[in-house]
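The values are calculated or read from the model by the stated rules, or taken from the named source; none is laboratory data. These numbers were taken from a predicted model, which means no experiment stands behind them. A quick note on method: Cβ atoms are made from the backbone with ideal geometry, for glycine too, and the neighbour counts reach across all protein chains shown.
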Amino acid sequence: MKSVTILLFRADPPKEKRVIGVRESTPEKVIHGGNRKYLEKKLGISLLDFSASLNPFPPAISWSPEEISLTSYPDDSYGQLKEAIGAVFRREPEEIAVGNGSIELIRTFCSCVLKPGDRFALEVPTFGEYQYSARLAGAECTTLPSTAKVRFLCNPNNPTGRLISRQQVLEIQGSLPQGGYLFLDEAFIELADPAQSLVDSRVPGLFLARSLTKSFAVPGIRFGYGFGSPDLVCRMEAVRLPWSINAYAESFALQAFRQYALLEQSRTAITRERTWLLTRFRRLGITTDPSHTNFLLLHLSYPVNTLISNLLSRGILVRDCASFGLPAAIRVAVRTREENEALVEALETCLP
């Protein structure tokens, strides 16, 4: 792999837009990782992507896009797909919402539940789309969960990897004010400990979101799904854009849910590699959060701009956590042993 000199760059944040007849300002768009293709084209080198937290050991799926017919619209009710999901999780189709990635579920949920003047609460640091989508709906953030219409909870949390128990989540649910909602994002729980999930719960005010992107390592498919009361799901499905799940995504998802039980093997392999990485990071003097899933948050004692730039020059892409409010931290995915060794070797060279 050739070595090149790279100057770290940041995209200028979107400026607030003024639109006649619409809310005067739009929140700044959320920054995400997983921009490997863009950077490879810009820099002219191949990159190992540790910025996207995907399952490095996904189940093998017997699926080919060439076999998919594109001559008909998908069934916008996604009845067959919801039946397949329901069979795995013992939920009824009317309790299941689908979307073009879990982000569409977040946006749709917020547009259905929140209105201007409502309040929402969340822990920080966490996934930025919760706040962004809630603000797009006109809601305001509060530090007092007891006054919030919606409370957002990511379990395991992104970017820390912290997992709280099922009982703790139920206690949070039970503390909601009258008429309140808990949006529970379990995008990574399938790669952590599914026993802590609330996927079998039908408690009032709970909407639980999942995604195939992380667990089956298919970010290009864009498929998310979630569970809630039939009334809430009906409203969300009415707001969702028609045919937002394309024929490729629907076909892949049907095959993936048939292989869902194989994720247990993924969890075992991820735990092994995460333990190996933690040992190596401790030898390098790097502090990490106690993660339960397929990524680690690394804390440094200085701004990480130069470190990220030097890693890029060695073909390693990591997640800059400044957008999480952590300018002295990076997040790295757990990958295969060979790839993890490349990360550790690059850090040994690049750390001051």
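For the range 259-281: of the residues being free of Cβ contacts under 8 Å to residues at least 60 places away in the same chain and of a type in the set (Ser, Thr, Tyr), which is farthest from residue 351 (Cα to Cα)? Filtering the range 259-281 for residues that are free of Cβ contacts under 8 Å to residues at least 60 places away in the same chain and of a type in the set (Ser, Thr, Tyr), the one farthest from residue 351 (Cα to Cα) comes out as 268. From the list 184, 176, 153, which residue is under 23 Å from residue 245 (Cα atoms) and surrounded by 18 or more Cβ atoms within 10 Å (Cβ to Cβ)? It is 184.
State whether the residues of the range 221-235 include one that is within 18 Å of residue 134 (Cα to Cα), within 17 Å of the chain's Cα centre (by Cα) and not in a loop (DSSP other than H, G, I, E, B). Among the residues of the range 221-235, at least one is within 18 Å of residue 134 (Cα to Cα), within 17 Å of the chain's Cα centre (by Cα) and not in a loop (DSSP other than H, G, I, E, B), which makes the answer yes.
Under the condition of being out of contact with any Phe, Trp or Tyr (no Cβ under 9 Å at 6 or more places or on another chain) and within 24 Å of residue 82 (Cα to Cα), the residues counted in the range 261-275 number 3.
Considering the range 268-304 alone, what residues qualify as being surrounded by fewer than 16 Cβ atoms within 10 Å (Cβ to Cβ) and either under 15 Å from residue 55 (Cβ atoms) or among the hydroxyl-bearing types (Ser, Thr, Tyr) (or both)? 268, 272, 275, 279, 287, 301, 302 - these are the residues of the range 268-304 that are surrounded by fewer than 16 Cβ atoms within 10 Å (Cβ to Cβ) and either under 15 Å from residue 55 (Cβ atoms) or among the hydroxyl-bearing types (Ser, Thr, Tyr) (or both). Scanning the range 132-168 for residues that are free of Cβ contacts under 8 Å to residues at least 24 places away in the same chain and in contact with a Phe, Trp or Tyr (Cβ under 9 Å, 6 or more places away or on another chain) yields a count of 3. Pairs are defined by a Cβ separation below 6 Å, a sequence spacing of at least 6 or placement on different chains, a first member in the range 221-241 that is within 15 Å of residue 187 (Cα to Cα), and a second member that is part of a helix (DSSP H, G or I) and among the acidic types (Asp, Glu); the pairs so defined are 227/95. So is residue 110 free of Cβ contacts under 8 Å to residues at least 40 places away in the same chain, crowded, with 21+ Cβ neighbours inside 10 Å, in contact with a Ser or Thr (Cβ under 7 Å, 6 or more places away or on another chain) and under 17 Å from residue 228 (Cα atoms) or not? When the stated conditions are applied, residue 110 does not pass them.
The set of residues from the range 23-56 being loosely packed, with under 15 Cβ neighbours inside 10 Å and either assigned to a loop (DSSP other than H, G, I, E, B) or in contact with a Ser or Thr (Cβ under 6 Å, 6 or more places away or on another chain) (or both) comprises 23, 24, 25, 28, 29, 30, 32, 44, 46. Across the range 128-147, a minimum of one residue is classified as out of contact with any strand residue (DSSP E or B) (no Cβ under 8 Å at 6 or more places or on another chain), farther than 18 Å from residue 113 by Cα and surrounded by fewer than 24 Cβ atoms within 10 Å (Cβ to Cβ).
With respect to (1) modelled with pLDDT under 95; (2) surrounded by 11 or more Cβ atoms within 10 Å (Cβ to Cβ); (3) charged (D, E, K, R), the lone exception for residue 82 is condition (1).
Looking only at the range 57-96, residues that are free of Cβ contacts under 8 Å to residues at least 60 places away in the same chain, in a loop (DSSP other than H, G, I, E, B) and under 30 Å from residue 268 (Cα atoms) come to 1 in all. Restricting the range 316-351 to residues that are under 19 Å from residue 284 (Cβ atoms) and of a type in the set (Gly, Ala, Ser), which is nearest to the chain's Cα centre (by Cα)? Result: 333.
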